[in-house]
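For reference, the structure is listed below as structure tokens.
The values are calculated or read from the model by the stated rules, or taken from the named source; none is laboratory data. Predicted model, so just to flag it, every value in this text is computed and none were measured. Virtual Cβ from ideal backbone geometry, glycine too; neighbours counted across all protein chains shown. SASA here: full protein model, heavy atoms, side chains in, ligands and nucleic acids out. Shrake-Rupley method; radii C 1.70, N 1.55, O 1.52, S 1.80 Å.
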Amino acid sequence: NKGKYEHYMQKEIHEQPESLTTTMRGRLIRGGSSNRKSVLLGGLKDHLKTIRRSRRIVFIGCGTSYNAALAARTILEELSGIPVTMEIASDLLDRQAPVYRDDTIIFVSQSGETADTLNALEYSLSNGALCVGITNTVGSAIARNTHCGVHINAGSEIGVASTKAYTSQIVVMAMVALAIGADTISTKPRREAIIESLLELPGKVKQVLKLDEEMKDLAKSLISEQSLLMFGRGYNYATALEGALKVKEVALMHSEGILAGEMKHGPLALVDEHLPIVVIATRDQCFSKQQSVIQQLKARKGRLIVMCSEGDGTAVCGSSCRVIEVPLVVDCLQPVVNIVPLQLLAYHLTVLRGYNVDQPRNLAKSVTTE
Ligand code: UD1
Ligand code: BG6
């Protein structure tokens, strides 16, 4: 049931304040002597010791689920102190890559039924690794066959382009990072800042959804473009990849997410006054580097659309580029806020270009064949 919305994708984008609340429900609880909030993930609690002892954590997924894992990689590395590597499910299988008994492998899948991810799970089980699932579907093959895991509880997602599952996956993985990481005096301020920000997140997402009309306007200005680049780095490299994936899969427009640190190693050759480029430059430790990327793109007359933190618009790009201002949250959760305007942009571009929003050409919600 689409309710007041015209498309499931639109409904699912606007539902995110509620789906994020459901994802966190019952999992941020008061406890310990300080009575501070901490994370309790019922599906992981008996396995945390084993996970903490693992030599490496590997994220495996496809499409949007891979991007969500990439968004959470840095915080998991920071809080766990364990190296985290990324694998596209099909590529792990193509390479028959080494997987060891002391690895923890986290399988991320909205449907829990994606063939490539399932095959990678079977392969990892036979190599003796601890296999953890993060899925939206209770009773799915991945939920059943992993040793343990976490349901993201985002509610059923019908639009082929994944939106609310992406933000809930990131939130779950941030909670997984908190659950694995040591709760010590030195980590306490950071952990508390993340938990505070998690609690505020549904409200911030509600706020960023108010950009709907602005994103429709932006979509109008891009309607007949051939291509759209998105530059991100750090926590928001994943935002660039996922924003571009949305535009590609539903608006049927070529779009590429690019790691800004690689700009000089090729992508800069594409820059001219015509090609639209989204640059994600919200406040975090990469901010000054992104400011310099903007300067370099401006020097080549790039047609920029800059996503920055509220109040930073003029400072970040003067008057010569289009600005998307978003509310600031803790750095590792900023991807949850930043993806929302790009989901809206992809949605409006699709409607304006007259394409099928919920059933994009040639794509399926769940890819159950190799
Ligand atoms: C569980 C209940 C929830 C209840 C809560 C109360 C289920 C599905 N969830 O939620 O209804 O409100 O307790 O305490 O009954 N698992 C996997 N692989 C996966 C995902 C999950 O093995 O990919 C396993 C988990 O290890 C766990 C079980 O499935 O044993 C349920 O996981 P989850 O729903 O995340 O657990 P809770 O949040 O504790
Ligand atoms: C398909 C969907 O390609 O599978 C994507 O169209 C999705 O939206 C991808 O991201 C992976 O699916 P899942 O269910 O494993 O997360």
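Considering only protein heavy atoms, what is the solvent-accessible area of Met215 at a probe of 1.4 Å, reported in Å² to the nearest 10?
Result for Met215: roughly 0 Å² accessible.
Ordered by residue, what ³J(HN,Hα) values in Hz, to whole numbers, does the range 83-91 give under the Karplus form 6.51 cos²θ - 1.76 cosθ + 1.60, where θ = phi - 60° and Gly and Pro are x?
Values, residue by residue: x, 10, 10, 10, 9, 6, 3, 5, 6 Hz.
Using a 1.4 angstrom probe on the protein heavy atoms only, could you order Val138, Val367 from most to least accessible area? Can you show the working numbers first?
Working: Val138 110, Val367 75 Å².
If we order Val138, Val367 from most to least accessible, we get Val138, Val367.
Taking R0 as 25 Å, what's the FRET efficiency between His254 and Arg300 from their Cβ-Cβ distance, rounded to 0.05?
Numbers: r = 20 Å, r/R0 = 0.80.
Calculated value: 0.80.
Quick check: Cα centre of the range 69-141 to Cα centre of the range 160-237, how many Å?
Distance between centres, Cα-based: 21 Å.
Percent of accessible area on the chain owned by carbon and sulfur, 1.4 Å probe? Before the final figure, lay out each step's value.
Numbers: 7400 of 15320 Å².
The nonpolar share, carbon plus sulfur, comes to 48 percent.
In degrees, nearest 10, range 0 to 90: what is the angle between the Cα axis of helix 188-208 and the longest Cα principal axis of the chain?
Its long axis makes an angle of about 50 degrees.
Return the long-range amide H neighbours of Arg283 (sequence gap of 5 or more, or a different chain), with a cut-off of under 5 Å between placed amide H atoms.
It is Ser309, by chain and number.
Tell me the per residue accessible area of the chain using a 1.4 Å probe; a whole number in Å² is fine. Let's see the in-between values first.
Numbers: 15320 Å² over 370 residues.
So the chain comes to 41 Å² accessible per residue, rounded to a whole number.
What trypsin sites (Lys or Arg not before Pro) does the range 25-105 have in DSSP loop regions with at most 12 other beta carbons within 10 Å? Let's see the in-between values first.
Working: sites: Arg25, Arg27, Arg30, Arg36, Lys37, Lys45, Lys49, Arg52, Arg53, Arg55, Arg56, Arg73, Arg95, Arg101; in loops: Arg25, Arg27, Arg55, Arg101.
In loop regions of the range 25-105 (DSSP not H, G, I, E or B), the sparsely surrounded trypsin sites (Lys or Arg not before Pro) are Arg25, Arg55, Arg101.
Order the following by accessible area, largest value first: Ser19, Ser319, Ser38. Probe radius 1.4 Å; ligands, DNA and RNA are ignored.
Numbers: Ser19 5, Ser319 120, Ser38 35 Å².
Descending order: Ser319, Ser38, Ser19.
Find how much the distance from Ile223 to Val138 grows on full extension, using 0.36 nm per residue of separation minus their present alpha carbon separation; answer in nm with one decimal. If you can, show how the numbers build up before the last one.
Numbers: separation 85, 0.36 × 85 = 30.60 nm, distance 3.90 nm.
Once the chain is fully extended between Ile223 and Val138, it gains 26.7 nm.
Return one number: the angle in degrees, 0 to 90 and rounded to the nearest 10, between the long axis of the Cα atoms of helix 334-353 and the longest principal axis of the Cα atoms of the chain.
The helix 334-353 is inclined about 50 degrees to the chain.
How big is the convex hull of the Cα atoms of the range 289-366, per residue, in Å³? Write down the numbers at each step before the final one.
Values: hull volume 11.6 nm³, N = 78.
Considering the Cα atoms of the range 289-366, their hull volume per residue is 149 Å³.
How would you classify the range 107-205 from its alpha-carbon gyration tensor, with a ≥ b ≥ c the square roots of the eigenvalues: rounded for a/c under 1.5, else prolate if a/b is greater than b/c, otherwise oblate? Display every interim value, and only then the final one.
Details: a/c = 3.17, a/b = 1.35, b/c = 2.34.
The shape class here is oblate.
Please report, largest first and rounded to whole Å, the three semi-axes of the ellipsoid equivalent to the range 58-158, where each semi-axis is the square root of five times an eigenvalue of the C-alpha gyration tensor.
Details: eigenvalues 72, 53, 33 Å².
Equivalent ellipsoid of the range 58-158: 19, 16, 13 Å, largest first.
Please list, ordered by chain and number, the residues whose modelled amide H lies under 5 Å from the amide H of Arg233; skip anything fewer than 5 residues away on the same chain.
Ala260
Under a plain spin-label model, where a point goes 7 Å from the Cα along Cα-to-Cβ, how far apart in nm are Lys264 and Asp91?
2.5 nm
For the pair Asn356 and Ile185, what calculated FRET efficiency results from E = 1/(1 + (r/R0)^6), where r is the Cβ-Cβ distance and R0 = 35 Å, to the nearest 0.05? Numbers along the way, then the final one.
Values: r = 54 Å, r/R0 = 1.55.
So, using R0 = 35 Å, E works out to roughly 0.05.
Of Ala193, Ala269, Ala71, which is the most mobile in a GNM of the chain whose springs link Cα atoms less than 10 angstrom apart?
Highest fluctuation among the options: Ala269.
Can you pull the percent of Cα pairs in the chain with separation above 25 Å? Kindly include the intermediate steps, with their values, before the conclusion.
Numbers: 35949 of 68265 pairs.
That tail contains 53 percent of the Cα-Cα pairs.
Given the Cα-Cα distance of Glu273 and Glu192 and 0.36 nm per residue of separation, how much length would full extension add, in nm?
Details: separation 81, 0.36 × 81 = 29.16 nm, distance 4.46 nm.
Net length gain for the segment: 24.7 nm.
Please work out how much length the chain gains when fully extended from Gln285 to Tyr5, using 0.36 nm per residue of separation minus the C-alpha to C-alpha distance, in nm with one decimal.
Using 0.36 nm per residue and subtracting the Cα-Cα distance, I get 97.0 nm.
Okay, helix-only estimate at 222 nm for the chain: each DSSP H run of n ≥ 4 adds -39500 (n - 2.57), divide by all residues, round to 500 deg cm²/dmol; what do you get?
On the way: 14 runs with 166 residues, N = 370.
-14000 deg cm²/dmol, from helical runs alone.
In degrees, nearest 10, range 0 to 90: what is the angle between the Cα axis of helix 63-80 and the longest Cα principal axis of the chain?
Here the helix axis deviates by roughly 60 degrees.
Roughly how big is the range 321-370's charge dipole about its Cα centre, with Cβ charges of +1 (Lys, Arg) and -1 (Asp, Glu), in debye to the nearest 20? Intermediate values should be presented prior to the final figure.
Numbers: 4 positive and 4 negative charges, 51 e Å.
The calculation lands at about 240 debye.
Going by the alpha-carbon gyration tensor, a ≥ b ≥ c the square roots of its eigenvalues, is the range 1-87 rounded (a/c under 1.5) or, if a/c is not under 1.5, prolate (a/b greater than b/c) versus oblate? Working shown, then result.
Values: a/c = 2.88, a/b = 1.38, b/c = 2.09.
Oblate shape, in that a/c is at least 1.5 and b/c is the bigger or equal ratio.
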